[in-house]
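The values are calculated or read from the model by the stated rules, or taken from the named source; none is laboratory data. Note that this is a predicted model, so its numbers are computed, not measured. Heads up, the Cβs are rebuilt from the backbone with ideal geometry, glycines too, and the neighbour counts pull from every protein chain shown. Quick note on the areas: whole protein, heavy atoms, side chains included, nothing else; ligands and nucleic acids left out. Shrake-Rupley method; radii C 1.70, N 1.55, O 1.52, S 1.80 Å.
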Amino acid sequence: MASSQLHHQLADRGVLNGVLIYAVAFFGIWWAWMNFTWFATSFAVDDWLYRVVTIVQMGGVLVLAAGIEPAFEHHDFRLLVWAYVVMRVAMVAQWVRAAVSDRALRTTTISYALGIAITQALWIVMLGLPGKAIPVAIPVLILAELAVPVIAERHHATPWHPHHITERYGLFTLIVLGESVLASANAIIEALHTSREHAEAAAHADLLGSLVGLSAH
């Protein structure tokens, strides 16, 4: 969805607008995925509650996809932000669970939960700002999101499994490559369809011109 909207923006010569909004949408998807992946390698328990919270995060991704078009077309970030907040609040719940179950890492896990919760509150506050302030607020909030792991991991680094991380990054790369191939295929199909329409229009124009010429004679 984001790549499709970027294509339309580039076709309409809205290069700067398209690239910036695409970067914001991609960050939301990528950062939510990154946080979930690194949490899962440390604290995944795979019980029913963990799966329910994961489904909530997946639902947030679907809503985020629905909010991409309004962001591109009307600079309306409300649905995009709310979907992102849903995914991140679900992540807060995961970190709170980890804090309850792992006393040794409680300071780190609580720092993650508080940091993510505060940044989500700031995203919601951003929605009430004047339109001119939003382009300034978004980069600041992205930096705040990136700062959460840096601050939280200072107390005690969370454990992680190299094989699990390697597998997840490999899967993410395959998904991105698949989306790129799909976008390329759609662009080729659209170009062929447009060329065919132009050829048919030219043929109809020639036929009409011939009929007019015959009528004149």
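Listed values, structure above:
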{"item": "Two-site label geometry, Val125 and Val45: point separation in nm, points 7 Å out along Cα→Cβ", "result": "3.3"}
{"item": "Per-residue SASA entry for Trp95, accessible area with 1.4 Å probe, Å² rounded to 10", "result": "10"}
{"item": "Leu129 accessible area, 1.4 Å probe, all protein chains in place, Å² to nearest 10", "result": "70"}
{"item": "Which of Arg97, Arg103, Arg154, Arg88 is most accessible, then next, and so on - probe 1.4 Å", "result": "Arg103, Arg154, Arg97, Arg88"}
{"item": "Stokes-Einstein D (µm²/s) once Rh is taken as the Kirkwood radius of the range 111-175 over alpha-carbon pairs, at 25 °C in 0.890 mPa s", "result": "173"}
